[in-house]
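Worksheet: the structure to be examined is printed underneath.
The values are calculated or read from the model by the stated rules, or taken from the named source; none is laboratory data. Computed from a predicted structure; not experimentally measured. Cβ atoms come from the backbone with ideal geometry, glycine included; neighbour counts cover every protein chain shown. In case anyone asks, the SASA skips ligands and DNA or RNA and just uses the protein heavy atoms, side chains included. Shrake-Rupley method; radii C 1.70, N 1.55, O 1.52, S 1.80 Å.
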Amino acid sequence: MAEARSGPTVGQIVLGMRLRDLRERAGRTFADAARALSVNTATVRRMEKAEVGLKPLYVKALLELYGVDDAEVASFMELVEEANRPGWWHRFRDVTPDWFSLYVSLEGEARLIRAYEPHCVPGLLQTRDYARVLFRTGFPGAPTEEIERRVDLRMARQELLRRPRAPLLWAVVEEHVLRRRVGPPAVMRAQVDRLIEATSLPNVTLQIMPLRAGPHPGMFGPFQLFRFEIPELPDIIYAESLTGAAYLDERPDTVAYREVLDRMGAQAAPVQDTAAILGDIRKEL
């Protein structure tokens with residue numbers, strides 16, 4: 001039975017890929033690995049896909065089966081121990097659905113985050129008051145304590161933009177996002193001010209898709225593309241729905257989304273115009 005957890009970490013995903021690679025190089029089948037662990041083949045498949053936790057005893061037995069030398073085994077087991085440690089967001093597990101835990105892990109490891117947002121300001125650029133209004137709307141029956149926990153998690157995620165070697169964030173935001181009233185006017189004024197400040201950050205690129213731009217290829221919903229420096233990790237697309245999310249890493253999917261982002265970037269207002277557009281909207285508020 002799969003062990004209960006809040007979702008895989010990037011480290012577990014990478015190690016699962018490495019286990020698959022080691023198995024294939026050793027010429028071993030899923031059945032061979034399953035026999036060595038006294039489990040069914042589905043368990044081995046799920047380990048390689050990081051759908052279950054990496055049990056140290058299982059991993060060590062597989063490494064021995066695959067002919068990995070002692071020094072590599074010791075190094076691999078250290079990585080397993082590190083990957084199995086709960087992420088910092090684990091303390092917010094009471095307000096973090098399982099499907100979103102992986103998102104936070106991917107976000108924290110990404111070197112580049114490209115996003116399209118047709119509904120609201122990207123979470124990494126939201127003010128506390130703006131986020132609070134959104135959560136109160138999305139969870140109308142939630143107590144104040146729960147709302148504040150959700151806001152705290154979102155604010156904590158934003159720390160990655162200020163850390164050393166911060167990821168590059170490139171977001172395309174619809175103009176109507178900035179004109180939609182979210183809370184009192186003071187909330188929107190502060191939010192637009194926050195975006196204006198963000199345009200001066202060296203690792204943030206923000207583009208506005210003007211209303212006059214008309215239809216564009218990304219008009220099917222919000223999504224993000226994550227790119228990593230970790231060799232094993234391909235680009236990963238995150239597309240969220242009302243009750244869950246899809247994570248796509250097959251090349252045809254990621255290429256299609258990347259091409260859409262490129263086309264939207266060309267259709268949106270130039271980056272150098274963003275601050276002026278935000279300034280005009282700020283005056284209207």
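Structure notes:
- Selection count, region 81-132, where residues are closer than 29 Å to Ile208 by Cα, free of Cβ contacts under 8 Å to residues at least 60 places away in the same chain and outside any loop (DSSP other than H, G, I, E, B): 6
- Conditions (1) part of a helix (DSSP H, G or I); (2) over 29 Å from Ser101 (Cβ atoms); (3) in contact with a strand residue (DSSP E or B) (Cβ under 8 Å, 6 or more places away or on another chain); (4) aliphatic (A, V, I, L, M); number of the one not met by Ala269: (1)
- Of all residues assigned to region 47-56, at least one qualifies as being open to solvent by 60 Å² or more (accessible area, probe 1.4 Å) and over 24 Å from Thr243 (Cα atoms).
- Within region 136-154, the set of residues being part of a helix (DSSP H, G or I) and loosely packed, with under 15 Cβ neighbours inside 10 Å comprises Thr137, Gly138, Thr144, Glu145, Glu146.
- The one condition in (1) within 18 Å of Glu259 (Cα to Cα); (2) loosely packed, with under 14 Cβ neighbours inside 10 Å that Ser200 fails to fulfil: (1)
Let's see how each residue does on (1) charged (D, E, K, R); (2) touching a residue at least 60 places away in the same chain (Cβ under 8 Å):
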position	(1), (2)
Ala190	no, yes
Arg194	yes, yes
Asn203	no, no
Asp249	yes, no
Asp253	yes, no
Ala268	no, yes
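- Within region 24-46, being crowded, with 16+ Cβ neighbours inside 10 Å, closer than 26 Å to Ser105 by Cα and among the aliphatic types (A, V, I, L, M) holds for one residue alone: Val44.
- Checked against the criteria, Phe76 counts as of a type in the set (Phe, Trp, Tyr), over 30 Å from Ala190 (Cβ atoms), in a helix (DSSP H, G or I) and out of contact with any Ser or Thr (no Cβ under 8 Å at 6 or more places or on another chain).
- Subset of region 155-190 (residues that are outside any helix (DSSP H, G or I) and either of a type in the set (Gly, Ala, Ser) or surrounded by 14 or more Cβ atoms within 10 Å (Cβ to Cβ) (or both)): Ala166, Pro167, Leu168, Leu169, Trp170, Ala171, Val172, Val173, Glu174, Val182, Gly183
- Residue count for region 216-255, restricted to those that are over 22 Å from Glu174 (Cβ atoms), of a type in the set (Phe, Trp, Tyr) and more than 13 Å from the chain's Cα centre (by Cα): 0.
- Hey, Asp21 touching a Leu at 6+ places or on another chain (Cβ under 8 Å), over 19 Å from Ser105 (Cβ atoms) and of a type outside the set (A, V, I, L, M, F, W, C) or not: no
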